[in-house]
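Beneath this line is the structure, given in structure tokens, with notes to follow.
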Amino acid sequence: MEQVEQALKRAKVEQQHQAFEQGSSSGHQPCSVEAQFSATDKRICYTQTHRIVFDERVLNEERIIAGRTHYTHESNKISSAYKILRTQVLQRLKARHCNNFGIVSANPGEGKSLTAINLAISLAQEVQHTVLLVDFDLKNPSIHTYFKYCPGYCLNDYLFNDVPLPEIMFNPGIEGLVVLPGSDSVPNSSEMLSSPKVGQLVEELKSRYAERIVIFDLPSLLSSDDVMAFSPYVDSVLLVVEDGRTTQDELMQSLEYLGETEILATVLNKSKSNKLKLPRAVKR
């Protein structure tokens, strides 16, 4: 009975989210949207957000662990690590009374976006929350490629052409998760990230619903000033560090670039050790 009540509550939350996505901050007024709930399969039926369907071969190819229904011994270990990360992130968000964070790395190719996807899926599996994953890596947006999805519209279309958000967002076949994708590289990206339009969008995404966790996939810290331009908009960041690649100097420089932005946790990625690497706070 408790599970049904939780699922009904989540359906109600999604109904509110759908109404927001239909109205958005593009100037359109929110309209009435029905988030249908089936008592037989306990799933939310998305009535406005684009929903894509893919099989587990995509998950295997793109190393998306958290959304699988069948696990090998190795993938089960990785899934467990993401659940530990999820629990720590939720505890720290609750302690800070916030519902959003960015995900960054020192250099490109350290697993930042894949970490963002797996963590977003793991968080969405908690029935008390829905999750919005936003691709704000304007120089190299890649979230959509992991789902083998070619968006008709992307974040650029909202920023430059006022395309409404509901025409851009998609649900990747995972209950409780909505993605706001990028697609093409944006010139002068740091100027765009510090613009009033981005600020207004971010504040609306963060403040609209307390039950929704918003994750911003951001560029690497040492490749541009984009994160420095965007960091005032996020409450904290999760820092991804690649084992054996990120040097001590690069890590210290990354922390310097983050300034006063709070480090929610760090993730040691691609570790060659057999020991489970737990996320932890960085001591400055």
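One chain, two ends: L255 and K83. Fully extended at 0.36 nm per residue, the span grows by 59.3 nm beyond their Cα-Cα distance.
Here the residues R51, R208, R57, ranked from fewest to most Cβ neighbours within 10 Å of their Cβ, fall in the order R57, R51, R208. Once the C-beta distance of N140 and K270 is scaled by a Förster radius of 22 Å, the resulting FRET efficiency is 0.70 to the nearest 0.05.
The coefficient of translational diffusion for segment 73-123, derived via Stokes-Einstein from the alpha carbon Kirkwood radius under 4 °C and 1.567 mPa s, stands at 108 µm²/s. Label separation (D243 vs S224): 3.1 nm, computed from points 7 Å beyond Cα along the C-beta direction.
How big is D, in µm² s⁻¹, for segment 49-269 by Stokes-Einstein at 10 °C and 1.306 mPa s if Rh is the Kirkwood radius over C-alpha pairs? After rounding, the answer is 91 µm²/s. Lys-Lys pairs in segment 140-284 that are eight or more residues apart or on separate chains and whose Cα atoms lie under 27 Å of each other come to 6.
Only bridges whose two residues both fall in segment 49-269 count here: according to DSSP, what percent of them are antiparallel, nearest 5? Here the share of antiparallel DSSP bridges comes out near 5 percent.
Which of I78, I117 comes first, and how do the rest follow, when ranked by fewest Cβ neighbours within 10 Å?
On the way: I78 16, I117 28.
Neighbour counts put them in this order, fewest first: I78, I117.
Look at T145, T246 and count the other Cβ atoms within 10 Å of each Cβ; fewest to most, that gives T145, T246. Evaluated at q = 0.13, 0.23, 0.30, 0.33 Å⁻¹, a Debye calculation over the C-alpha positions of segment 204-252 (equal weights, vacuum) places log10 I(q)/I(0) at -0.42, -0.97, -1.29, -1.37.
Every number in this text was worked out from the coordinates using simple rules, so none of it is lab data. Keep in mind it's a predicted model, so treat the numbers as computed, not measured. Ideal geometry is used to build each Cβ from the backbone, glycine not excepted, and the neighbour counts take in all protein chains shown.
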